[in-house]
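Computed from the coordinates by the stated procedures, all read-outs in this text should not be read as laboratory data. Computed from a predicted model, the values in this text were never measured in an experiment. Backbone-built Cβ (ideal geometry, glycine too); neighbour counts: all protein chains shown.
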Amino acid sequence: KQEVTQIPAALSVPEGENLVLNCSFTDSAIYNLQWFRQDPGKGLTSLLLIQSSQREQTSGRLNASLDKSSGRSTLYIAASQPGDSATYLCAVPPPGGGADGLTFGKGTHLIIQP
Amino acid sequence: NAGVMQNPRHLVRRRGQEARLRCSPMKGHSHVYWYRQLPEEGLKFMVYLQKENIIDESGMPKERFSAEFPKEGPSILRIQQVVRGDSAAYFCASSPWSANTEAFFGQGTRLTVV
């Protein structure tokens, strides 16, 4: 059964810092990995989707990498801003393309101090 | 192109009542997933539906919970005889083809059972 772990569970840093969020998964037979952002009381916003054939995906100040063989992904946030404060979730589809829906980590709760 | 629409956003039910949660997928998406987020826990997959078919309901409790995605109209998650433990945020996601493509989430329905 796929398990997804995110480290750290919480992170508080001053504005302007570059930071890295980590995600690991136990079964590497995935087609892609998706990073989401969730604001308090709100839904999930898709940030980046990395296909299994890709190593990196970039959107603005965000860069996500994927190393399938080691079961890891990182989300790099450059020049952090207070508006980046949110919970960041990573999720993977069922190994081998099954029908179970996404498996989520518990998230990293990020606070950017002004 | 409107995103995934869920309603109501907030729902309060007394113990024993029924809760009906609605989800309209993004235009052109025929795959719908329901997830539940309990307080202080991650999102958990409940059920995966395509038009008029339940593909996988392995994450849904066997009793009191049901889901449908009719040929016309939104997908419905129905919880009968609600109990306090059903209080959670329920999220719907849609994708255009399968679990291996990018998932787009609605804002969620926050169910409170009193």
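Overview of values
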item: Greater than 30 Å apart at Cα, pairs in A:Lys68/B:Lys71; A:Lys1/B:Lys51; A:Lys42/B:Lys62; A:Lys106/B:Lys62; A:Lys106/B:Lys71; A:Lys42/B:Lys51; result: A:Lys68/B:Lys71; A:Lys106/B:Lys71
item: Kirkwood-type radius of the range B:1-100, with distances r between different C-alpha atoms, in Å; result: 13.8
item: Rounded to the nearest 20 debye, dipole of the protein assembly as shown from Cβ charges on Lys, Arg, Asp, Glu; result: 720
item: Rg ratio (alpha-carbon, reference 2.2 N^0.38 Å) - the range B:26-68; result: 1.25
item: Value of Rg/Rh across chain A [Cα atoms, Kirkwood radius]; result: 0.96
item: Rg(Cα)/(2.2 N^0.38 Å) for the range B:1-47, N = residue count; result: 1.36
item: Calculated log₁₀ intensity ratio I(q)/I(0) where the Debye formula runs over C-alpha points of the range B:45-114, q = 0.18, 0.19, 0.22, 0.26 Å⁻¹; result: -0.77, -0.85, -1.11, -1.42
item: Selection from A:Gln113, A:Val20, A:Pro82 lying farthest towards where the dipole of chain A points positive, charges on Cβ; result: A:Val20
item: Rg ratio (alpha-carbon, reference 2.2 N^0.38 Å) - the protein assembly as shown; result: 1.01
item: Number of partner chain Cβ atoms within 10 Å, mean per residue of B:104-112; result: 3
